[in-house]
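Student: Here it is, the structure in full.
The values are calculated or read from the model by the stated rules, or taken from the named source; none is laboratory data. Everything quoted here is computed from the prediction, not taken from an experiment. Counting neighbours? That spans all protein chains shown, and the Cβs are built from the backbone with ideal geometry, glycine included. Only protein heavy atoms, including side chains, enter the accessible area calculation; ligands, DNA and RNA are left aside. Shrake-Rupley method; radii C 1.70, N 1.55, O 1.52, S 1.80 Å.
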Amino acid sequence: MRPSGYSLVELLAVLAILGVLAAMAMPVAQMSAERSRERELKRALWEIRDALDAYHQARLSGALAPPAGADPAAAAYPPSLQALTEPQPDLRPAHRGETLRFLRRVPRDPFADPGLAPERSWGLRGFLSEADHPVPGPEVYDVYSRAPGQALDGVPLSQW
């Protein structure tokens, strides 16, 4: 009668096959994690840009007062990302006593240094700067990722 069990060669073959399968699965897992970070970046950009548009519309409708000493052309945009999270009094007669808030919190750029405050993780574009060469201004007209890398589709993250 032969003893039951696996031989050492059979165990090594199974371990070798498992190792090959794990090595093949690793790039797929890394790509999935990168795709998840890209989705988070896209969601954060949409959230901030929607809030900037809502602030702009509120300023144009007279719901918000312009900042003191602001350039009239750029006064329709917030002075900082943090201003989007602060309660602002609604100046429209039908809404007296109400406050406006455009973001609960500033989302973080998922590709930025985790040690940075969320509002400092973004590159800011002022109203008068060009889209190809964004520079900050006294107002926030747009945001972009300052991450140096490229997305999985080859587009630089800073151009999203």
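Student: Kindly evaluate Ala58 against the criterion of being surrounded by 12 or more Cβ atoms within 10 Å (Cβ to Cβ), outside any loop (DSSP other than H, G, I, E, B) and more than 17 Å from the chain's Cα centre (by Cα).
Tutor: Spelling it out, Ala58 is indeed surrounded by 12 or more Cβ atoms within 10 Å (Cβ to Cβ), outside any loop (DSSP other than H, G, I, E, B) and more than 17 Å from the chain's Cα centre (by Cα).
Student: If I filter the range 89-135 down to residues being in contact with a Gly (Cβ under 7 Å, 6 or more places away or on another chain) and over 22 Å from Ala151 (Cα atoms), which single residue comes out as surrounded by the fewest Cβ atoms within 10 Å (Cβ to Cβ)?
Tutor: Val135
Student: Counting only residues that are part of a loop (DSSP other than H, G, I, E, B) and free of Cβ contacts under 8 Å to residues at least 40 places away in the same chain, how many does the range 109-144 have?
Tutor: Matching residues across the range 109-144 total 15.
Student: Here are the criteria: (1) under 31 Å from the mean Cα position of the chain (by Cα); (2) surrounded by fewer than 16 Cβ atoms within 10 Å (Cβ to Cβ); (3) outside any helix (DSSP H, G or I). Tell me which single one Ala76 does not satisfy.
Tutor: Ala76 satisfies every listed condition except (2).
Student: Turning to a different aspect of this structure: Given the structure, is Ala44 assigned to a helix (DSSP H, G or I), at pLDDT 95 or above and either out of contact with any His (no Cβ under 9 Å at 6 or more places or on another chain) or of a type in the set (D, E, K, R) (or both)?
Tutor: yes
Student: Taking Ser158 as meeting all but one of (1) open to solvent by 80 Å² or more (accessible area, probe 1.4 Å); (2) under 25 Å from Ser32 (Cβ atoms); (3) modelled with pLDDT under 90, write down the number of the exception.
Tutor: (1)
Student: Let me ask something else. For Ala51, only one of the following conditions fails: (1) touching a residue at least 12 places away in the same chain (Cβ under 8 Å); (2) at positive phi. What is its number?
Tutor: Just one mismatch for Ala51, condition (2).
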